[in-house]
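This report concerns only the one structure given below.
The values are calculated or read from the model by the stated rules, or taken from the named source; none is laboratory data. Quick caveat, the model's predicted, so the values are computed rather than measured. Backbone-built Cβ (ideal geometry, glycine too); neighbour counts: all protein chains shown.
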Amino acid sequence: MDLWQLRIFCKVVEEKSFSRAGKVVHLSQPTVSSHIKDLEYHFGCRLIDRLSKEALPTRSGELLYDYARKMLALKTETETAIAEFQGVIKGRLVIGGSTIPGVYLLPALIGDFTRGHPEVFISLDIGDTEKIVEKTVAGELDLGIVGARTGDGRILQEKLIEDQLCLVTPVDHPWAGRKTVPAAELFTEPFIAREPGSGTLKSIQASLAEAGYSIDDLKAAAEMGSTQAVIQAVKGGVGVSILSRIAATDPLKAGSIAVLTVDGIDLNRSFYLTRHKHRTVSPLSRAFIDFLREKVGTEGWTAS
């Protein structure tokens, strides 16, 4: 057994396929199968169930997968620690971002960081807030940046970037020529919401509750799985919505939507640096976190 075989095994489990795992690690399917058989011989038990349509781990395989991920993570941590001791920041970092930070903020920040550390490879996983938190808990991500707090006790969160939500409408909507609308009027128009796991939706719920309203008071017209889909629905006249101002900036400049504030409802929110409470912060993770804190502090990053 060696770490390379464990990496192949993990990819088979994650991809649920020998052939797809082979493409990821650049090996043929027979070679991948051979490595898995070697592992099964080493442990004296079947690790992958080959009878179903998908390659799924047996109970023994699930146990090995948990330990294999820890060993591979420790390998990466060891390499980055030695590199840091030698004055070099290098290695692979897997981070997650909910929709707004993942699409609009993190790519530029990652670019700035990797330009200063060319031996670093960063993989960015984008999903809604709940998915990013779940993957952080599962150990699949080194850290994440999300748009809402979580009540999960296994997670540590730190306020990182200020954001502002705004009301968006079609350009031909009666409100389009106004700068603000009273809160009561918000509940008279068809409303386009994000999906339940969205940090934006959680922030809207919290803001409405603080002002004495409920999200159930809104006239739900549609639910969309991404910010881009909401913008397209607004442009198409499906209804109005509340989005991060940074996401609304480009379509507003293009003249395809109108942006307003809602009088009586505080729509300010934050993005949170999110990591596992019990996971040791690797030297590379620490370097990236320090970079984020410095960037936010020195340049006053906001999403507004």
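Being touching a residue at least 60 places away in the same chain (Cβ under 8 Å) and part of a strand (DSSP E or B) holds for only one residue in Leu93, Leu109, Leu105, Leu124, and it is Leu93. If the condition is being hydroxyl-bearing (Ser, Thr, Tyr) and at pLDDT 95 or above, then region 215-259 contributes only Ser241.
All of (1) surrounded by fewer than 21 Cβ atoms within 10 Å (Cβ to Cβ); (2) closer than 16 Å to Leu267 by Cα; (3) without any contact (Cβ under 8 Å) to a residue 60 or more places away in the chain hold for Met224 with one exception: (2). Pairing each residue of region 134-145 that is closer than 15 Å to Thr280 by Cα with any residue that is among the basic types (Lys, Arg) and in a strand (DSSP E or B), provided the two are 6+ apart or on different chains, yields C-beta distances under 7 Å for Thr136/Arg275; Leu143/Arg275. Reported count of residues in region 127-153, each being in a loop (DSSP other than H, G, I, E, B), out of contact with any Pro (no Cβ under 8 Å at 6 or more places or on another chain) and not hydrophobic (A, V, I, L, M, F, W, C), is 10. Put simply, of Ala81, Ala68 the only residue that is over 24 Å from the mean Cα position of the chain (by Cα), in contact (Cβ under 8 Å) with a residue 40 or more places away in the chain and part of a helix (DSSP H, G or I) is Ala81. Considering only region 179-202, I want to know if a residue exists there that is within 24 Å of Pro107 (Cα to Cα), surrounded by fewer than 19 Cβ atoms within 10 Å (Cβ to Cβ) and not aromatic (Phe, Trp, Tyr). Within region 179-202 (the criterion being within 24 Å of Pro107 (Cα to Cα), surrounded by fewer than 19 Cβ atoms within 10 Å (Cβ to Cβ) and not aromatic (Phe, Trp, Tyr)), the answer is yes, since at least one residue qualifies.
A single member of Arg154, Arg149 is surrounded by fewer than 17 Cβ atoms within 10 Å (Cβ to Cβ) and in contact with a strand residue (DSSP E or B) (Cβ under 7 Å, 6 or more places away or on another chain), and it is Arg154.
Give the residue, chosen from Ile246, Ile231, Ile192, Ile289, that is within 30 Å of Ile95 (Cα to Cα) and in a strand (DSSP E or B).
On the way: Ile246 fails: in a strand (DSSP E or B); Ile231 fails: in a strand (DSSP E or B); Ile289 fails: in a strand (DSSP E or B).
Testing whether each residue is within 30 Å of Ile95 (Cα to Cα) and in a strand (DSSP E or B) leaves just Ile192.
Selection over region 9-44 of residues that are part of a loop (DSSP other than H, G, I, E, B) and surrounded by 14 or more Cβ atoms within 10 Å (Cβ to Cβ) gives a count of 3.
Scanning region 255-264 for residues that are surrounded by fewer than 20 Cβ atoms within 10 Å (Cβ to Cβ) and touching a helix residue (DSSP H, G or I) at 6+ places or on another chain (Cβ under 9 Å) yields Ser256, Val259, Asp263, Gly264. Looking for something among the hydrophobic types (A, V, I, L, M, F, W, C), in the same structural domain as Thr261 (by TED's automatic domain parsing) and more than 24 Å from the chain's Cα centre (by Cα) - is there at least one such residue anywhere in region 196-208? There is at least one residue in region 196-208 that is among the hydrophobic types (A, V, I, L, M, F, W, C), in the same structural domain as Thr261 (by TED's automatic domain parsing) and more than 24 Å from the chain's Cα centre (by Cα).
Which residue, of Leu252, Leu218, Leu243, is outside the structural domain of Val146 (by TED's automatic domain parsing), surrounded by 19 or more Cβ atoms within 10 Å (Cβ to Cβ) and farther than 30 Å from Ile155 by Cα?
On the way: Leu252 fails: surrounded by 19 or more Cβ atoms within 10 Å (Cβ to Cβ); Leu243 fails: farther than 30 Å from Ile155 by Cα.
One residue alone meets the criteria, Leu218.
Among the residues of region 185-214, just one is free of Cβ contacts under 8 Å to residues at least 12 places away in the same chain, farther than 24 Å from Thr99 by Cα and of a type in the set (Gly, Ala, Ser), namely Gly212. On inspection, Leu284 fails the criterion of being of a type outside the set (Ser, Thr, Tyr), at pLDDT below 95, assigned to a strand (DSSP E or B) and within 22 Å of the chain's Cα centre (by Cα).
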